[in-house]
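The values are calculated or read from the model by the stated rules, or taken from the named source; none is laboratory data. The structure presented is a predicted model; accordingly, all values stated were derived computationally and were not measured. Ideal geometry is used to build each Cβ from the backbone, glycine not excepted, and the neighbour counts take in all protein chains shown. SASA here: full protein model, heavy atoms, side chains in, ligands and nucleic acids out. Shrake-Rupley method; radii C 1.70, N 1.55, O 1.52, S 1.80 Å.
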Amino acid sequence: KLHSDLDKGVGSVKYTLSGDGAGTVFTIDETTGDIHAIRSLDREEKPFYTLRAQAVDVDTKKPLEPESEFIIKVQDINDNEPKFLDGPYVASVPEMSPVGAYVLQVKATDADDPTYGNSARVVYSILQGQPYFSIDPKTGVIRTALPNMDREVKEQYQVLIQAKDMGGQLGGLAGTTTVNITLTDVNDNPPRFPKSIFHLKVPESSHVGSAIGRIRAVDPDFGKNAEIEYNIVPGDGGNLFDITTDENTQEGVIKLKKPLDFETKKAYTFKVEASNLHLDHRFHSVGPFKDTATVKINVLDMDEPPVFSKPMYTMEVYEDTPVGTIIGAVTAQDLDAGSSSVRYFIDWKNDVDSYFTIDATEGTIATNELLDRENTAQYNFSIIASKVSNPLLASKVNVIINVLDVNEFPPEISVPYETSVCENAKPGQVIQTITAVDKDLSPVGQRFSFKLSSEASNKPNFTVHDYRNNTAGIETRRNGYSRRQQELYFLPVVIEDSSYPVQSSTNTLTIRVCRCDSDFTIQSCNVEAIFLPVGLSTGALIAILLCIIILLVIVVLYVALRRQKKKDTLMTSKEDIRDNVIHYDDEGGGEEDTQAFDIGALRNPKVIEDNKIRRDIKPDTLRFPRHRQPEEVNTDIRDFINQRLQENDVDPSAPPYDSLATYAYEGNGSVAESLSSIDSLTTEADQDYDYLSDWGPRFKILADMFGEENYSPDKVT
């Protein structure tokens, strides 16, 4: 209720209300100043309201007093029950836990005012789950209430928890939640075999490593606590078998460790022990966490394939061994009671197997082709042995044949080296280290030796230093090298191996002279670098080379033209001499006859005339005369003619019409004497033609005609 001292009760004062909830939650009587709540209040929604009130003159509408502020506080009542905001709960506790073992803490929340009365005071209790668990009424901590709870008996528990306010008194509000508690497993149970003896039957043909049977021990525990390890107790027959654990079923899988043979032993007995892998020391007092059972294995007789004497055969043979040479043998036997003969053959898979053959009865292996270790160093193939009585029963063995090396290849330099030497190199400087390789299979400890060839050992340029570790160094022997004098050096190096027979080869190293700085760092090795000190650029060098090439081409063309012109002139002159002098159908008229030929050509061989066509015969092919030095002008014509005659006499390819008939010297002093009928013998029969044989091969036919046949004028018609 609001009241102003200026209010005389005559209705002249008006009361107003503003602030939180004014008009919605609270209202005021304008005349009396009474404040009323117009709807129900909830402390949990809003615990207090701040309002402002004022007294106003009804007539003037002016405030009679300053505005005043006041707070309306909502008083709490117990209208909210406790709530488990995180429920329902899930918890776990190990089995066999002692009494009071912590399980879980629950918490309930009450929305009432904890500062006013007991409305928010909560007390916890168990409605369902006793006598296994208990709860602290104040803290809500749940603990075990019974000892040795066994998971194998009961694993899941559901506990109902209640939270009640008003301190648990009558009339208080309560809330509940569920806690699902699981007992986790501990290794409190040892494995146990369901029976003490296990019987197994195993064929003797079972393969090594194969599973021949299973046994199982039972462990009621769960997870890793139920993991079992099986072991064979040392004893009779235990060394032939092995046992492992199947991780999915926890069974013991018995496997064959060695081959079985019914003819050797028909039964085996041994013990198997099963134990837990993960032990809990708290339960050692219960007893040993392992159990033992007996396994009896009976071997069944089977018809088996032949058995080789070795699991694998290794043989050796030298390359180039003659075809048909026996290099080894394999042996297989039938171990069954009724022994059968064995046949051998190669398991053909590829062409490599064709290099060898095997005797089907004896099992001897021989070469079928020549072997080359450099092509194939090792052959690997299989040989099959089968029973004659039952060819389907066969066994296989692997055969490895190593081809032994014969030293047939010389060692060579391993890689093509690019060796260079500085112009400013010093004597004894190592410019290259070389190594060698051998195509032959190098035996352990084989050594290569390096040296200079005999023709290079006397040269003062380079030497080879053998380091005796299959490497050698190329060392300089001079103080400096010049690229202008020699740009490349070729150094022959002889390399020998240490095998028998000793093989050697000569390898040539190319050493290039390069320009280096003072630290012997190579700056340039190309040809252009030789001219760089002159100061010429690359373009200038190219221009100079082009000019030189053009000049050389001009000179060559000029010389060729001159030679062609000179050749044509000489040929024309010689042909004119030949064509104008030689006549076979015309007798000369003596010194007075100057029309038949030009005598000046005989007197001066250098006279060049136009080419004339022969008047006596027409040559079949055009021949060019031999080139010879021109005679001097004053040379005697006789010597000239004799020289030409001698050249034609010894030339078998020249036809007869190339001979010269000299008319200027007929008569006295002429070898042929006069060709005129004047002063000749009266009859042709009186003449002696034997002298024609002395004139050479050019007159051989003429000499045969007149020398062998007697001439008879009567036969002339």
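From the list GLU69, GLU81, the lone residue that is acidic (Asp, Glu) and outside any loop (DSSP other than H, G, I, E, B) is GLU69.
Selection over the stretch 133-154 of residues that are free of Cβ contacts under 8 Å to residues at least 60 places away in the same chain, open to solvent by 40 Å² or more (accessible area, probe 1.4 Å) and not basic (Lys, Arg) gives a count of 9. If I filter the stretch 434-460 down to residues being more than 30 Å from ASN375 (Cα to Cα) and touching a residue at least 40 places away in the same chain (Cβ under 8 Å), which single residue comes out as least open to solvent (accessible area, probe 1.4 Å)? So, considering only residues that are more than 30 Å from ASN375 (Cα to Cα) and touching a residue at least 40 places away in the same chain (Cβ under 8 Å), the one least open to solvent (accessible area, probe 1.4 Å) is SER453. Considering the stretch 1-19, and only residues there that are within 11 Å of ALA53 (Cα to Cα) and not aliphatic (A, V, I, L, M), the residue that is surrounded by the fewest Cβ atoms within 10 Å (Cβ to Cβ) turns out to be LYS1.
Every residue, every condition in (1) of a type outside the set (S, T, N, Q); (2) under 15 Å from PHE308 (Cα atoms); (3) open to solvent by less than 50 Å² (accessible area, probe 1.4 Å); (4) assigned by the TED database to the domain that holds ILE346, yes or no:
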{"residue": "GLN378", "(1), (2), (3), (4)": "no, no, no, yes"}
{"residue": "SER382", "(1), (2), (3), (4)": "no, yes, yes, yes"}
{"residue": "ALA385", "(1), (2), (3), (4)": "yes, yes, yes, yes"}
{"residue": "VAL388", "(1), (2), (3), (4)": "yes, no, no, yes"}
{"residue": "LEU393", "(1), (2), (3), (4)": "yes, yes, yes, yes"}
{"residue": "LYS396", "(1), (2), (3), (4)": "yes, yes, no, yes"}
{"residue": "PRO416", "(1), (2), (3), (4)": "yes, no, no, no"}
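Taken across the stretch 104-120, residues that are at pLDDT below 90, open to solvent by 80 Å² or more (accessible area, probe 1.4 Å) and more than 30 Å from GLU45 (Cβ to Cβ) do not occur at all.
Answer yes if at least one residue in the stretch 213-225 is within 30 Å of LYS107 (Cβ to Cβ), open to solvent by less than 30 Å² (accessible area, probe 1.4 Å) and in a strand (DSSP E or B), and no otherwise.
Checked against the condition, which is being within 30 Å of LYS107 (Cβ to Cβ), open to solvent by less than 30 Å² (accessible area, probe 1.4 Å) and in a strand (DSSP E or B), the stretch 213-225 yields no hits at all.
Going by the conditions given, is GLN446 at pLDDT 90 or above and within 31 Å of the chain's Cα centre (by Cα)? Answer is no for this residue.
On the stretch given as the stretch 120-132, residues that are assigned to a loop (DSSP other than H, G, I, E, B) and either touching a helix residue (DSSP H, G or I) at 6+ places or on another chain (Cβ under 7 Å) or touching a residue at least 60 places away in the same chain (Cβ under 8 Å) (or both) total 1.
Of the residues making up the stretch 337-379, those that are at pLDDT below 90 and hydroxyl-bearing (Ser, Thr, Tyr) are SER339, SER340, SER341, SER354, TYR355, THR376. When residues in the stretch 226-255 are screened for being more than 30 Å from THR184 (Cβ to Cβ) and either in contact with an Asp or Glu (Cβ under 8 Å, 6 or more places away or on another chain) or of a type in the set (Lys, Arg) (or both), 4 of them pass. Scanning the stretch 27-51 for residues that are under 11 Å from LEU2 (Cα atoms) and either surrounded by fewer than 17 Cβ atoms within 10 Å (Cβ to Cβ) or in contact with a helix residue (DSSP H, G or I) (Cβ under 7 Å, 6 or more places away or on another chain) (or both) turns up ASP29, GLU30, THR31, THR32, ASP34.
Can you spot a residue in the stretch 87-94 that is at pLDDT 90 or above, surrounded by 12 or more Cβ atoms within 10 Å (Cβ to Cβ) and in a loop (DSSP other than H, G, I, E, B)? Within the stretch 87-94, one or more residues are at pLDDT 90 or above, surrounded by 12 or more Cβ atoms within 10 Å (Cβ to Cβ) and in a loop (DSSP other than H, G, I, E, B). Answer yes if at least one residue in the stretch 54-61 is part of a strand (DSSP E or B) and open to solvent by 40 Å² or more (accessible area, probe 1.4 Å), and no otherwise. Yes, the stretch 54-61 has at least one match. For the stretch 221-246, a residue qualifies if it is within 30 Å of LYS154 (Cα to Cα) and either modelled with pLDDT of 90 or more or touching a Lys or Arg at 6+ places or on another chain (Cβ under 9 Å) (or both), and the qualifying residues are ASP221, PHE222, ILE228, GLU229, TYR230, THR245, ASP246. Set side by side, the residues SER125, SER68 differ, and just one is of a type outside the set (A, V, I, L, M, F, W, C), surrounded by 12 or more Cβ atoms within 10 Å (Cβ to Cβ) and not assigned by the TED database to the domain that holds TYR157, which is SER68. When the residues of the stretch 155-181 are filtered to those that are hydroxyl-bearing (Ser, Thr, Tyr) and open to solvent by 30 Å² or more (accessible area, probe 1.4 Å), the one that is nearest to LEU279 (Cα to Cα) is THR178.
Kindly indicate whether PRO98 is closer than 30 Å to ASN225 by Cα, modelled with pLDDT of 85 or more, out of contact with any strand residue (DSSP E or B) (no Cβ under 6 Å at 6 or more places or on another chain) and not in a strand (DSSP E or B). For PRO98, the condition - closer than 30 Å to ASN225 by Cα, modelled with pLDDT of 85 or more, out of contact with any strand residue (DSSP E or B) (no Cβ under 6 Å at 6 or more places or on another chain) and not in a strand (DSSP E or B) - is met.
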